[in-house]
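Working notes, structure below.
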Amino acid sequence: MKLITCLYKGEERVGALTETGVVFLPYPDMNALIEALPPEVLAVTNKPVPLADVKLLAPIPRPRQDVICLGMNYRDHAKEAAKYDADAFAKEKPVAVYFSKRVSRAGNPEGEIPRYEGLVERLDYEAELAVIIGKTARNVKAEEAGEYVFGYTVLNDVSARDLQTGHKQWYFGKGLDGFTPMGPCILTADSTAFPPALDISCTVNGELRQHSNTSLLIHGIPEIIAELSAGMTLLPGTIIATGTPAGVGMGLDPPRFLKSGDVVECTIQGIGTLKSTVR
């Protein structure tokens, strides 16, 4: 099942995508839906509204907490990052790199990425599979991690490389307003194998920049959930961005960063395409 948040006649609604359109569901927002019940028991009985009649929003427009992110979780991206700036990106130990991405409101599919002229000179993209936790997770065993996943979406971990490397930490350079486009939908966990092995790609102005598969994560989803939940409580609706493959702007030779007017499309098999325009 694919779940969305959208605007319909000026009202924010949550719904399920069907072959004939959008069926609205009786929840005030996606966080409430996630907390209410497992996705397999959602009853889709209302009359559908044509998809063309709604405006898609991020599936979870207002995350309850910062997004948890993994850095350098594909080997090819770890290599290109270290080549770009070894001091900022070199990994000394084979352990997961976690950081937090501040987001007051997630960017919409078909939305915009702010350019921040004068503050950001090296604007970059990162196509990522985001995992959404479905129930309170604490001390979860890796072999049980799939039971705690509500679903998956596409996330663009937009990054200001100059702020990221200049400040020697990632929070500011990745947490500016508008730096978390997400969508177009949530693919519920029962719709794909666990852990998912899905093609992931990114184009800029139609040029393929990134292409990989989520099966190539260095630290897989079971390990991530088990490790994080050993020391922190993951609440329903928690979003975990699992990292990006090679092909980001800083990894090209020479580096190629985003400029105003660029169109970035992040696509994950079975979920869809997240399209953003730099303004």
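The table below lists the values:
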item	result
Unmet criterion (only one of (1) at pLDDT 95 or above; (2) part of a loop (DSSP other than H, G, I, E, B)) for residue 92	(1)
Any hit, the stretch 224-240, residues being out of contact with any His (no Cβ under 7 Å at 6 or more places or on another chain) and closer than 15 Å to residue 156 by Cα	yes
Pairs, first at negative phi in the stretch 17-31, second surrounded by fewer than 15 Cβ atoms within 10 Å (Cβ to Cβ) and of a type in the set (Val, Ile, Thr), C-beta under 7 Å, six or more apart	18/44; 23/44
Selection within the stretch 113-140 - closer than 22 Å to residue 247 by Cα and among the charged types (D, E, K, R)	115, 121, 122, 124, 126, 128
Set 261, 247, 231, 237: member being under 15 Å from the mean Cα position of the chain (by Cα) and not in a helix (DSSP H, G or I)	237
Positions within the stretch 123-144 being charged (D, E, K, R) and assigned to a loop (DSSP other than H, G, I, E, B), in sequence order	126, 135, 138, 141
In the stretch 145-199, the residues that are in a helix (DSSP H, G or I), closer than 24 Å to residue 259 by Cβ and not β-branched (Val, Ile, Thr)	161, 162, 163, 164, 166, 172, 173, 174
Test for residue 68: is it of a type in the set (A, V, I, L, M, F, W, C), part of a loop (DSSP other than H, G, I, E, B) and modelled with pLDDT of 95 or more	no
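The values are calculated or read from the model by the stated rules, or taken from the named source; none is laboratory data. As the structure is a computational prediction, the values presented were derived from the model and not from experiment. Cβ atoms come from the backbone with ideal geometry, glycine included; neighbour counts cover every protein chain shown.
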